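Participant: Quick one: the structure is below, questions incoming.
The values are calculated or read from the model by the stated rules, or taken from the named source; none is laboratory data. Values in this document were obtained by computation on a predicted structure and should not be read as measured data. Positions of Cβ are backbone-derived with ideal geometry, glycine not excepted, and every protein chain shown enters the neighbour counts. For accessibility, only protein heavy atoms count, side chains too; no ligands or nucleic acids. Shrake-Rupley method; radii C 1.70, N 1.55, O 1.52, S 1.80 Å.
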Amino acid sequence: METKLKSMFVAALTLATSTQKLGINLIRVAILVIFVWIGGLKFWNYEAEGIVPFVANSPFMSFFYTHDAPDYKEYKLKEGEFDAAKHEWHKENNTYGFSHGLGILIMSIGILTFLGIFWPKVGLVGAGLAIIMTLGTLSFLVTTPEVWVPNLGSGEFGFPLLTGAGRLVIKDTAILAGAIVILADSAKSVLEQLKNKDMKKYDAIIIGFGKGGKTLAAEFAKRQKTVAIVERSDRMYGGTCINIGCIPTKTLVHLAKETPVKATWEEKKDYYRQAIGRKEEVTSFLRNKNYHNLADNPNVTVYTGVGSFAGPDVVEVRTETEVIELQSSQIFINTGAETIVPPIDGIKENPRVYTSTSIMELKELPERLVIVGGGYIGLEFASMYASFGSKVTVLEGYPELIGREDRDIAASVQTVLEKKGIVFHLNAKVQSVDGATVIYEDAVTHEIHHLEGDAILLATGRRPNTSGLNLEVAGVKVNERGAIIVDEWLRTTNPAIRAIGDVKGGLQFTYISLDDYRIIREDLFGAGERRTDDREPVSYSVFMDPPLARVGLSETEARKKGLNIKVNTLPVAAIPRARTLGETDGLFKVVVDADTNKILGCSLFGPETSEIINIVSIVMKTGQEYTFLRDYIFTHPSMSEALNDLMNF
């Protein structure tokens with residue numbers, strides 16, 4: 001019942017909000033009708049003698065009528081005689097001009113007030129004059145009470161307020177109240193217009209310089225549409241991938257693999273410094289290139305500052321020197337994800353604690369590296385730093401490593417990484433950090449352990465970066481994980497705003513962000529046939545040494561679904577090309593639907609698998625049977641030809 005009442009209250013509030021403008025406009029119409037009617041009487045019928053004596057010398061109306069106020073004449077004549085006497089009275093007191101002018105003024109005020117529906121400045125003038133006029137007619141009630149007070153009790157049917165004076169009070173009070181409401185509404189609209197005049201207007205605004213956003217900006221610009229792209233840091237032009245994600249990590253993974261095996265510790269430290277320098281060269285080059293690709297385009301404006309919503313179609317940008325407001329009917333949120341920093345005592349402002357971003361700025365190779373978290377990011381950095389020469393220990397809170405993978409694949413990964421000297425502690429619940437010492441509890445034995453290191457890496461996952469965006473103002477909702485809720489075309493709960501990439505949750509890969517751009521492009525400029533629910537299967541790679549790549553279902557997932565499957569594995573040591581490379585560690589695995597012969601999933605752990613997995617993904621996407629790969633002609637010797645043997649069952 002409480003929920004139902006709450007829903008009804010929200011619905012009523014929404015209805016009231018949506019009809020507020022309608023109510024104000026109805027008041028405008030009422031004032032138009034009343035003022036045209038009254039003004040018409042003043043203009044055509046010279047109904048002035050009832051107002052001139054009292055209003056002409058009032059504080060407001062004396063501005064319009066400068067003659068001395070004539071005496072009011074009470075006519076007790078027949079109709080024809082009345083008209084003649086009335087005419088003579090007007091001539092005698094020179095009220096024709098006043099009556100004409102007053103009639104035109106009153107009708108004009110009504111029209112101006114009504115036109116405020118379309119032009120707020122006109123409405124502002126009309127409402128202001130309506131208030132002055134109404135106060136003018138009411139002022140004689142204060143200045144000449146001896147005229148109307150004695151007659152107040154002689155209303156029709158004994159109702160005092162039905163006298164002429166009483167009706168005037170009711171009418172003018174209502175008009176005054178309505179005119180004040182209209183004045184406030186028009187003033188608000190005018191202020192908004194003045195404010196909007198200073199706003200910079202664009203065909204599209206993109207918050208965040210990531211892969212999908214920057215590609216979409218170029219698409220708009222190509223179509224001669226103006227684009228504003230907002231990026232909070234001048235070190236993030238191009239987005240996460242170029243600056244703190246794929247490119248720098250893969251550069252370091254490659255360079256780590258080239259570390260001289262027999263080098264001394266000092267030589268390894270020097271090589272590591274060179275690797276960090278080389279990484280910075282690569283990212284700086286790409287960052288600069290990405291910036292100029294957009295900033296040099298006449299249709300694109302790059303704002304370096306913190307962007308947040310100031311309204312459903314307004315983005316406020318806070319730079320180092322000013323606050324700028326941008327407006328557009330199309331806004332795209334592309335702010336990516338941020339590292340989850342767990343609430344562990346001793347990690348805040350600890351100079352020995354790093355994230356996956358900050359550790360790549362570390363110039364000194366840590367001799368002992370403790371990694372908190374044994375997920376994909378943790379394993380990638382573990383493999384990298386072990387190759388550089390660090391003694392790496394991984395603390396994983398769960399009883400299994402990379403629980404998303406099948407156990408035989410996970411076991412192969414752990415075995416290969418342990419051969420690199422990496423130590424794994426599973427069921428390790430980190431309690432606190434003291435300097436570079438990690439205190440953790442074994443969740444099985446409940447023993448407390450102290451693990452000393454020179455640096456601590458938090459590899460505890462990432463979450464959508466929505467903090468500070470002020471999404472509520474824009475009508476954009478997030479789910480329980482903080483990810484922006486979108487439909488199949490990436491529209492948020494405000495249809496004029498869309499979300500791209502990691503900020504909407506799901507798979508956090510650069511190529512997903514790029515595909516988001518394709519979906520938006522087709523929806524805005526094409527047939528709109530692309531959707532988020534038709535892009536499966538999506539493959540991924542973890543760039544350890546060797547890399548782990550996967551697409552589709554694991555064996556465990558397929559069996560949980562109750563599917564009739566057949567499974568085959570192939571040791572990397574059995575692949576001729578792996579022998580020539582001298583890299584024989586790893587395992588290939590495929591899961592096939594036994595009823596349809598379609599590939600359900602494939603896991604490849606071994607050299608060059610980040611490339612090979614794309615072949616499997618294409619075969620799955622095109623609906624080919626596994627026999628297509630079994631019988632396909634590959635070059636020899638190559639890692640891809642291993643698919644002939646993997647599919648041979």
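Participant: Which members of the stretch 270-294 meet the condition of being open to solvent by less than 30 Å² (accessible area, probe 1.4 Å) and among the charged types (D, E, K, R)?
Facilitator: If the condition is that a residue be open to solvent by less than 30 Å² (accessible area, probe 1.4 Å) and among the charged types (D, E, K, R), then Lys279, Arg287 are the ones that fit.
Participant: List, please: which pairs have Cβ atoms under 8 Å, are six or more places apart or on different chains, and start with a residue in the stretch 563-586 that is farther than 13 Å from Gly606 by Cα and in a loop (DSSP other than H, G, I, E, B) and end with one that is acidic (Asp, Glu) and open to solvent by less than 60 Å² (accessible area, probe 1.4 Å)?
Facilitator: Qualifying pairs under 8 Å: Leu563/Asp593; Asn564/Asp593.
Participant: Follow-up question, since we're still on this one. What pairs come out if I take residues in the stretch 491-519 that are closer than 24 Å to Arg550 by Cα and among the hydroxyl-bearing types (Ser, Thr, Tyr) and pair them with residues that are assigned to a helix (DSSP H, G or I) and open to solvent by 10 Å² or more (accessible area, probe 1.4 Å) whose C-beta lies under 6 Å away, six or more apart or interchain?
Facilitator: That search, which allows pairs on different chains as well, returns Thr510/Lys211; Thr510/Cys241; Thr510/Cys246; Ser513/Lys211; Tyr517/Thr215.
Participant: Another question, if that's okay. What are the pairs, 6+ residues apart or on separate chains, where a residue within the stretch 471-483 that is without any contact (Cβ under 8 Å) to a residue 60 or more places away in the chain has its Cβ under 9 Å from a residue that is open to solvent by less than 100 Å² (accessible area, probe 1.4 Å) and of a type in the set (Gly, Ala, Ser)?
Facilitator: Here the result reads Val478/Gly505; Asn479/Gly505; Arg481/Gly505; Gly482/Ser467; Gly482/Gly505; Ala483/Ala499; Ala483/Gly505; Ala483/Gly506, each pair linking the stretch 471-483 to a residue that is open to solvent by less than 100 Å² (accessible area, probe 1.4 Å) and of a type in the set (Gly, Ala, Ser).
Participant: For the stretch 520-551, how many residues are touching an Asp or Glu at 6+ places or on another chain (Cβ under 8 Å) and either closer than 17 Å to Lys621 by Cα or in a helix (DSSP H, G or I) (or both)?
Facilitator: Within the stretch 520-551, residues that are touching an Asp or Glu at 6+ places or on another chain (Cβ under 8 Å) and either closer than 17 Å to Lys621 by Cα or in a helix (DSSP H, G or I) (or both) number 10.
Participant: Right, here's the next one. Contact list please: Cβ distance under 6 Å, first residue in the stretch 394-421 and surrounded by 14 or more Cβ atoms within 10 Å (Cβ to Cβ), second residue part of a loop (DSSP other than H, G, I, E, B) and among the acidic types (Asp, Glu), pairs at least six apart or on different chains.
Facilitator: Val416/Asp585
Participant: From the set of residues in the stretch 169-188 that are over 43 Å from the mean Cα position of the chain (by Cα) and without any contact (Cβ under 8 Å) to a residue 12 or more places away in the chain, which is most open to solvent (accessible area, probe 1.4 Å)?
Facilitator: The selected residue is Ile170.
Participant: Show the residue pairs meeting these rules: Cβ distance below 6 Å; 6+ apart or different chains; first residue within the stretch 108-123 and in contact (Cβ under 8 Å) with a residue 60 or more places away in the chain; second residue among the aromatic types (Phe, Trp, Tyr) and open to solvent by less than 50 Å² (accessible area, probe 1.4 Å).
Facilitator: Note: pairs meeting the criteria are Ile109/Phe35; Gly110/Phe35.
Participant: Now for a different question. Can you name the residue in the stretch 198-208 that is modelled with pLDDT of 95 or more and assigned to a loop (DSSP other than H, G, I, E, B) and, of all such residues, is nearest to the chain's Cα centre (by Cα)?
Facilitator: Gly208
Participant: All but one of (1) in a loop (DSSP other than H, G, I, E, B); (2) out of contact with any helix residue (DSSP H, G or I) (no Cβ under 7 Å at 6 or more places or on another chain); (3) exposed (fewer than 14 other Cβ atoms within 10 Å of the Cβ) hold for Leu469; state the number of the condition that does not hold.
Facilitator: Of the numbered conditions (1) in a loop (DSSP other than H, G, I, E, B); (2) out of contact with any helix residue (DSSP H, G or I) (no Cβ under 7 Å at 6 or more places or on another chain); (3) exposed (fewer than 14 other Cβ atoms within 10 Å of the Cβ), the odd one out for Leu469 is (3).
Participant: Name the residues in the stretch 382-412 that are within 23 Å of His254 (Cβ to Cβ) and either part of a strand (DSSP E or B) or out of contact with any strand residue (DSSP E or B) (no Cβ under 6 Å at 6 or more places or on another chain) (or both), would you?
Facilitator: Passing the criteria: Ser383, Met384, Ser387, Phe388, Gly389, Lys391, Val392, Val394, Ile402.
Participant: Select from the stretch 315-345 the residues that are more than 21 Å from Ala217 (Cα to Cα) and open to solvent by 40 Å² or more (accessible area, probe 1.4 Å) and list them in ascending order.
Facilitator: Within the stretch 315-345, Glu320, Thr321, Glu322, Val323, Glu338, Ile340, Val341, Pro343, Asp345 meet the criteria.
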